[in-house]
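The values are calculated or read from the model by the stated rules, or taken from the named source; none is laboratory data. Since this is a predicted model, take the numbers as computed values, not measurements. Backbone-built Cβ (ideal geometry, glycine too); neighbour counts: all protein chains shown.
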Amino acid sequence: MTIMARNRKSYIICGVALVLITAAAFVYFSGMIGISADYIERDARASQRINGSWEVATSASERTIAMLFYDGMQDEGKHTFSIYAKHPGLSFGYFFRAGGSASIIRDGIYVYLLPDDGETTLLSMNKDNVARIEIDDGIIKTHIDVDPSKPFAVVLPVNSDFDFDTIRILDMEGNAVSWY
């Protein structure tokens, strides 16, 4: 092999490597990677400065992960929430969408609707002792059990006919809890 052929081969290899590195950097910096589900709690605690001793209630779907962090003293209502979602289209991880605290979480049930895909998250310190969430859209009946003694985060299943009138939230005795 001549020196000229070796140099040409080296230039081609360097060019291909440069294209691959540029493509990887583009994907990474364009926000298509996101955070793996395995690292979301750690990311939320770090980015929102959430105390490591606080407990967390978590709920996840393929597109959304919701977390409600609380100090363990539920009667005081100290909490912070974090919601991560995948971007529509090409996306390999989750991205922060919303977070903070809200008095409705302490006193009732906070409803967060993701604008891009319609998924709904319910967050509560559970002062009403919610034990069950029932969804009946006339076709599919879904029941989600909740520990009535603990705060909760619930990502509701998405259905094209989803309507708040199809959801009932029940306490331990089966009584409806008002929530919206």
Restricting to segment 125-152, what's the tally of residues that are in contact with a helix residue (DSSP H, G or I) (Cβ under 9 Å, 6 or more places away or on another chain), part of a strand (DSSP E or B) and of a type in the set (A, V, I, L, M)? 1
I'm trying to understand the selection: among the residues of segment 143-163, which are loosely packed, with under 12 Cβ neighbours inside 10 Å and modelled with pLDDT under 75? Ser160, Asp161, Asp163
Of (1) farther than 30 Å from Val177 by Cα; (2) part of a helix (DSSP H, G or I); (3) modelled with pLDDT of 85 or more, Tyr11 satisfies all except one. Which? (3)
